[in-house]
1. Take the residues in the stretch 50-76 that are buried (at least 16 other Cβ atoms within 10 Å of the Cβ) and in contact with a strand residue (DSSP E or B) (Cβ under 6 Å, 6 or more places away or on another chain); name whichever of them is modelled with the lowest pLDDT.
2. In the stretch 7-26, which residues are open to solvent by 80 Å² or more (accessible area, probe 1.4 Å), under 26 Å from Gln83 (Cβ atoms) and at pLDDT below 75?
3. Quick check on the stretch 27-49. Is at least one of its residues free of Cβ contacts under 8 Å to residues at least 12 places away in the same chain, open to solvent by less than 80 Å² (accessible area, probe 1.4 Å) and farther than 30 Å from Thr17 by Cα?
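The values are calculated or read from the model by the stated rules, or taken from the named source; none is laboratory data. Bear in mind that the values here come from a model prediction, so they are computed numbers and not experimental data. No Cβ is skipped: glycine too gets one built from the backbone with ideal geometry, and neighbour counts run over all protein chains shown. Surface accessibility is based on the protein's heavy atoms, side chains included, excluding ligands, DNA and RNA. Shrake-Rupley method; radii C 1.70, N 1.55, O 1.52, S 1.80 Å.
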Amino acid sequence: MAGGTVVGDRTIGGRTTVASLGLALIVATAAFGALLGATLPNFRSVDEISLLVITAPISPLTLAVYGAVAMGSFLVALGYVVQILSRFDDDAV
């Protein structure tokens, strides 16, 4: 049982679980971005958003894509850091 938690007939754990949670987080961030894109222009007089040199109109699609790309980039970078750090052995120090 070192590989994960047994639930019913299946074992939950490992890379599949981490990837599923990451994908769920990306989808939730995209949904929140779409909700923000749908409501923000009604409450504020803002029609465009600028990030560095890129200017995009505020809409549910643009903020959903922005949220998904930002969260996906963060999770991929975090995954690489964890992968690199997992190569080090605690006993070697």
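1. The qualifying residue modelled with the lowest pLDDT is Ile58.
2. Passing the criteria: Arg10, Thr11.
3. Yes, the stretch 27-49 has at least one match.
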